[in-house]
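The values are calculated or read from the model by the stated rules, or taken from the named source; none is laboratory data. Only a predicted model underlies this, so the values are computations on that prediction, with no experimental measurement involved. With ideal geometry, Cβ positions are generated from the backbone for all residues, glycine too; neighbour counts draw on all protein chains shown. The accessibility values were calculated without ligands, DNA or RNA, using every heavy atom of the protein model including side chains. Shrake-Rupley method; radii C 1.70, N 1.55, O 1.52, S 1.80 Å.
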Amino acid sequence: MKSNSQLNYHFHTPENPQSSTPIVLIHGLFGDLNNLGGLGRDLQQHYPVIQIDVRNHGISPLMETMDYPNMAQDVLALLDKLTLSKATVIGHSMGGKIAMAMTAMAPEQIDKIVVIDMAPVAYPVRRHDSIFTALNNVTAAGAQTRQAATEIMRQDIQEEGVIQFLLKSFRQGEWKFNLPVLQKEYEKIIGWETIPAWHKPALFIRGGNSDYVTEAYREDIVRQFPQATAWVVAGCGHWVHAEKPEAVLRAIHRFLETE
């Protein structure tokens, strides 16, 4: 296993934290440590907060694999580097799967997890093919500005919000994420290997309009996370934390404050 303790991260500790247990925030596919920034700014008023760039994203190192055991080990290696014996992990989408994978590899080190709009299953649908096409078209065209990249991406992506999200990782004609490896490893990113039951608190937050977490996945969640609780935020989709951050933060605070 090729673990990596050199992930790029920001670590903020408030003067008078409610708890000494740090919270690790893990972004999703094509993102970086700023993606959960809204949650981070609120949580770091009360808890130590670590925001990370996952491998092949942001300015973390480039690696050839994107399977969950390796990505989970990256984060665990960072916790060890920071000499942290306990952590609560909050992850969105792919980051949620990393959080879940961490419970199998270090069950005692993980205190609680919050999984935002993701289930512990292998998804049968390739949701990102049009995005990969658009990203590769931008690269092939040699676009140097966000305006030029936007025009190219609109040919394949209808959602303007998705385009603007992706453009956050576009700098001087280059994508900050490792596009070739993400494309090569995509089946592993949408995949999942069932993990042993983890008998600690787990909160699953989903958008009411999202199909990433449905009733069909209930058994998979309960089998792997017997103490799981669910919270549905109505009127939003997969980007629930960006669409209704106040509702997500209320659910997270309530969960963290429950013994």
With a 10 Å radius around each residue's Cβ, average the other Cβ atoms per peptide and rank 171-180, 90-99, 42-51, highest first.
-> 90-99, 42-51, 171-180
For the table K97/K188; K81/K168; K112/K176; K112/K168, the rows whose alpha-carbon distance is greater than 19 Å are K81/K168; K112/K176; K112/K168
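Between T258 and N16, what FRET efficiency follows from the Cβ-Cβ distance if R0 is 30 Å, with the result rounded to 0.05?
Here the calculated transfer efficiency is 0.90.
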Which value, in debye to the nearest 20, describes the size of the charge dipole of the range 128-180 about its Cα centre when Lys and Arg Cβ atoms bear +1, Asp and Glu Cβ atoms bear -1, and nothing else is charged?
-> 260 debye
Mean separation of Cα contacts under 8 Å, 6 or more apart, over the residue count of the range 124-180: relative contact order % = 35 percent
By average C-beta atoms within 10 angstrom, highest first, the peptides 55-63, 15-23 = 55-63, 15-23
Beta carbons within 10 angstrom, averaged per residue: use that to sort the peptides 215-221, 137-143, 245-251, 117-123, highest first.
-> 117-123, 245-251, 137-143, 215-221
Answer rounded, prolate or oblate for the range 67-125, using the Cα gyration tensor with square roots of eigenvalues a ≥ b ≥ c: rounded when a/c is under 1.5, else prolate when a/b is larger than b/c, else oblate.
-> prolate
Please give the length that would be gained between Q172 and E215 if that part of the chain were fully extended, namely 0.36 nm times their separation in residues minus their C-alpha to C-alpha distance (nm, one decimal).
-> 11.2 nm
Degrees between helix 68-81 axis and first principal axis of the chain (Cα, 0 to 90, nearest 10) = 60 degrees
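First check a/c for the range 128-180, with a ≥ b ≥ c the square roots of the eigenvalues of its C-alpha gyration tensor; if it is under 1.5, answer rounded, and if not, answer prolate when a/b is larger than b/c or oblate otherwise.
rounded
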How much area per residue is accessible in the range 19-105 when the probe is 1.4 Å and only protein heavy atoms are counted (Å²)?
-> 27 Å²
If the label point sits 7 Å along Cα→Cβ of R126, residues of the range 181-216 with amide N under 18 Å come out as 181-192
Could you check how much of the accessible area of the chain is carbon and sulfur, as a whole percent, using a 1.4 Å probe?
-> 50 percent
For the range 178-258, Kirkwood radius (reciprocal of mean inverse C-alpha pair distance, Å) | 14.4 Å
